[in-house]
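Below: one structure, written as structure tokens.
Read-outs: derived from the displayed coordinates by stated rules, not from any lab. None of these values were measured; they are calculated from a predicted model. Cβ sites come from the backbone with ideal geometry, for glycine too, and all protein chains shown count toward neighbours.
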């Protein structure tokens, strides 16, 4: 068990992912300054509709972008390890602290076939939505786990769904969930692309585009 300061936010931070934050409340300026000075970690827990979820992700300040004269800061934080809150403390510091236990995967290593399929779908999403602005993934780089969190970060998932993924303790389970999600969303993205192509071409579809194309998942 470990005691850490908490920064409740309306976001879900994944291990290995980065997120920009603007720090303006006095208590959190103290928390972040302490984390910067000690190179320490603090916890980010999702707060949604008045509820703070018990499973969160530790974070480190990976970049300080701006420190304003009044102490406000623009920073980037990077997620490290997941945890589950056991006890909250509200009177020991200006900010909330908590006793937390680590949350580790029971099945950390993915099946390569599932890994390869999910990454293949994700790469198609990246090519459609982000283009060259986002790097494609290579399954061989993720055989020891972690791909699911990288994919979840960029897949447009709703907050509560992100939280569900954060709480899952199997890389295969997370990949299977994301695989199903990507299979459902990719045809919708292609439909939007076709509509945009119609607009660009004044209502005419180019000869090499078929409205009845099917992909390898059987969607049309």
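Can you report the number of residues in the stretch 122-179 which are assigned to a loop (DSSP other than H, G, I, E, B) and within 16 Å of residue 107 (Cβ to Cβ)?
Going residue by residue through the stretch 122-179, those that are assigned to a loop (DSSP other than H, G, I, E, B) are 130, 134-138, 143-146, 154-158, 168-169.
Cutting the leftovers down to within 16 Å of residue 107 (Cβ to Cβ) gives us 143-146, 168-169.
Within the stretch 122-179, residues that are assigned to a loop (DSSP other than H, G, I, E, B) and within 16 Å of residue 107 (Cβ to Cβ) number 6.
Quick one: how many residues across the stretch 122-149 are surrounded by 15 or more Cβ atoms within 10 Å (Cβ to Cβ) and under 18 Å from residue 174 (Cα atoms)?
Within the stretch 122-149, residues that are surrounded by 15 or more Cβ atoms within 10 Å (Cβ to Cβ) and under 18 Å from residue 174 (Cα atoms) number 11.
Would you call residue 172 touching a helix residue (DSSP H, G or I) at 6+ places or on another chain (Cβ under 8 Å) and buried (at least 19 other Cβ atoms within 10 Å of the Cβ)?
yes
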